[in-house]
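The values are calculated or read from the model by the stated rules, or taken from the named source; none is laboratory data. What you see is a predicted model; the values in this text were computed from it and never measured. All Cβ positions, glycine included, derive from the backbone under ideal geometry; neighbour counts span all protein chains shown.
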Amino acid sequence: MELPDLSLLDHIHYSFDDKRIYCSELIFKAVKTVTGRQLGKVERLGDLNWEPHEAFIRSIEGIIPKDREMITPQALSAAKELTLVYTKDPTAKRAGAK
């Protein structure tokens, strides 16, 4: 079992490969490596709300890579594989709550 190299951590291009790893990708790949299970849903940039960030994306990419796959912090935190065990938010759904 080989976990991602932490010296490759944190890049802004969000490419889903092992050359560089961004924060959510590190968690996603570590969980998958250890458990063999996928945590959360991998999404395409084009399926996300990228338009408000178009100028920034173009400044680092040149083009909008709408087909780029990524795992976002939101996708990780909303993963059905996770159970909320503690929160200070009284409106949050608790583990086992219906």
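Being within 15 Å of Asp17 (Cα to Cα), in contact (Cβ under 8 Å) with a residue 12 or more places away in the chain and not aromatic (Phe, Trp, Tyr) is a property that Glu43 has. Taking the criterion of being at pLDDT below 90 and more than 24 Å from Ala30 (Cβ to Cβ), the residues of the range 66-98 that qualify are Lys88, Asp89, Pro90, Thr91, Ala92, Lys93, Arg94, Gly96, Ala97, Lys98.
Put simply, of Leu84, Leu76, Leu39 the only residue that is surrounded by 10 or more Cβ atoms within 10 Å (Cβ to Cβ) and part of a helix (DSSP H, G or I) is Leu76.
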